[in-house]
1. Enumerate the amide H contacts of Val125 below 5 Å, restricted to partners 5 or more residues apart or on another chain; note that Pro and chain-start residues carry no placed amide H.
2. Provide the convex hull volume over Cα atoms per residue for segment 142-266, in Å³.
3. Can you list residues from other chains, or at least 5 along the same chain, whose modelled amide H is less than 5 Å from the amide H of Ala57?
4. Going by Cα centres, segment 1-40 and segment 76-145 are how many Å apart?
5. Apply the membrane-span-like helix rule to the chain: whole DSSP H runs, Cα extent along the own long axis of at least 20 Å, mean Kyte-Doolittle hydropathy at least 0.0. List the helices found.
6. Accessible area per residue, 1.4 Å probe, Å², for the chain: what's the number?
7. Antiparallel versus total DSSP beta bridges in the chain: what percent is that, nearest 5?
8. Under a point spin-label approximation (7 Å from Cα along Cα-to-Cβ), what is the Glu263-Ser91 distance to one decimal in nm?
Amino acid sequence: MASEIKLGVSTCLLGEKVRFDGGHKHNRYVTQTLGQFFDFVPVCPESECGLGIPREAMRLVGDASSPRLITNKTHIDHTDRMRSWSDQRLSALQKEDLCGFIFKKDSPSSGLHRVKVYNDKGQPVKNGRGLFAAAFTERFPRIPVEEEGRLNDSVLRENFIERVFAMQRWRDALQRKQTVGNLVDFHTREKLFIMAHSQKHYREMGRLVAAGKALKPLDLYNRYEVLLFKALDLKGTVSKNTNVLMHILGYFKKQLSSDEKQEVLELIQNYRSGHMPLIVPVTLMNHFVRKYRQPYLATQTYLNPHPIELQLRNHV
Ligand code: SF4
């Protein structure tokens, strides 16, 4: 399926032989599953900044908050080279409108979490971030980022990809005229989706939108964006989804027969107790939305936030 959604990705995950040893770290989930829905923008900091393939292996050394990038045997310091290349590369990436980035774990350049930083005694502490990954998250704090290893965790995977699609919807909203009315439309469609992450943020965003006419559009949209991605940083949990499902059920109060209502309640309970994936009650809700022609719910992103083929809601 052709797609306009762009994801940055560490080049070696695509199977390109760009690693220090001339190898790759092909990740089939990335290329075969996500590749059907996203356009990749590959980035290999070490080879692109001119260190060659193959090259001497390197590691982070010093203070985790500001480590140096040093080769293992010859002790050459590539920190400044990597920083100045990152600056230029990030400026180019700004024009790509990325909706997310998947980083290669453990790399002193690309690793996002718990990368080893060696202290002056040569002992590693897993509390660093690769130099390029650190520069990326600092320049683009709201672009969703994740490591390929963590995509094996169904909850983290769902959360990351949800945020990627949310970023695309938000970018689409920014393309339209930035009026209070258009923001109200966006906020209305995203209501249940945001509530599944944070009711508190949803309420705060509602107050912001209600006061929108008193603000300059740029300020309003900026403040909304900050709240939106703060909300989505909070994981959707079983209990939050259960609340949203009960909320949806409330819209059908007058239409569902007692049998239908009982059936929905049983599915929600089964989901809540971990015996059923979220996709099951959501599918039934979608069925009722069509059957009883619920126009408000039909527009809710929550009921169809990403392609069903990704199977993100199929885990228990
Ligand atoms: S981890 Fe990063 S720097 Fe290393 S080969 Fe992969 S893309 Fe290049």
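1. Val117, Tyr118, Asn119
2. Cα convex hull per residue, to the nearest whole number: 120 Å³.
3. Asn72
4. 18 Å
5. 180-195, 217-233
6. Counting only protein heavy atoms, the per-residue value for the chain is 50 Å².
7. 40 percent
8. Distance between label points: 6.1 nm.
The values are calculated or read from the model by the stated rules, or taken from the named source; none is laboratory data. The structure presented is a predicted model; accordingly, all values stated were derived computationally and were not measured. Note that we place each Cβ from the backbone using ideal geometry, even for glycine, and neighbour counts take in every protein chain shown. Just the protein is used for accessible areas: all its heavy atoms, side chains included, with ligands, DNA and RNA removed. Shrake-Rupley method; radii C 1.70, N 1.55, O 1.52, S 1.80 Å.
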